[in-house]
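Report on the structure given below.
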Amino acid sequence: WIDYDSYETVPAVAVAPLPLDGEPDFGSMVSDDRCQVSEHYPWVGPQGNVYVVGLGPLQVADQVPSCVLRLEPGASQFDPDYQLDLLEALDARDIYGSWPMDGGAKILAQYWPNAAPTPDTTDYWEMAGMEEWRIGIVDLETGQGTAVDEIPRGGVMSHFSLELDGERYVQVYEQDGDTLESVLYLVTPTGATQATVKAGTNGDFQYLARVR
């Protein structure tokens, strides 16, 4: 959990394997303190590994790594030989959010590059609104991070998962004169991008679904 008043966290990732039938056994929860608090949801990669991302509030990212751990199929603990540091992979000072892509083999992350100016505030929401956040892709097998330079810098996007037909989309808030518009970009696993649609002034994308 995270207390957003004090930014106090329990710096550990945790998952609870639950049966599809019968009563859940929360005593079987698996946790690991090598990463910050669990973010969002776990997912299954191409080899059957379960991946979990641990991200902390922006102010404490340097205390415990923002990283990825994995559970191998049938394992009862996280793989002790696997820990992917997202800050190192993207040469970043902070990670705001991450989302699986490419069938779970990679993640797309929004990050503050080390090359960008140091923020002049420690307030969570002020930092979130600053236009220095970038988009990058990290390969979970090789650990290689790649910046998606075609998407302009901006404030952080919604934490909602924006995916349609197995393809990952990114929401970026762009200034157009005196107005702020939400622009949706399609991002491929290779980092290629395409601006697809604008939500208009004060618009925001929450979910994507296809009407058939």
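The values are calculated or read from the model by the stated rules, or taken from the named source; none is laboratory data. These numbers were taken from a predicted model, which means no experiment stands behind them. Counting neighbours? That spans all protein chains shown, and the Cβs are built from the backbone with ideal geometry, glycine included. These area figures cover heavy atoms from the full protein model, side chains too; ligands, DNA and RNA do not enter into them. Shrake-Rupley method; radii C 1.70, N 1.55, O 1.52, S 1.80 Å.
What accessible surface, in Å², does a 1.4 Å probe find on ARG153, ignoring ligands, DNA and RNA and rounding to the nearest 10?
About 130 Å², ignoring ligands and nucleic acids.
Taking 0.36 nm per residue of sequence separation and subtracting the Cα-Cα distance, how much length would be gained by fully extending the chain between ASN114 and MET29, in nm to one decimal?
That works out to 27.1 nm of additional length.
Report the full-extension gain for the segment ALA128 to ARG153: residue separation times 0.36 nm, less the Cα-Cα distance, to one decimal in nm.
This chain segment gains 7.8 nm when fully extended.
Separation between the ASP5 and LEU164 pseudo-spin-labels, each 7 Å from Cα along Cα→Cβ, expressed in nm?
In this crude spin-label approximation the distance works out to 4.1 nm.
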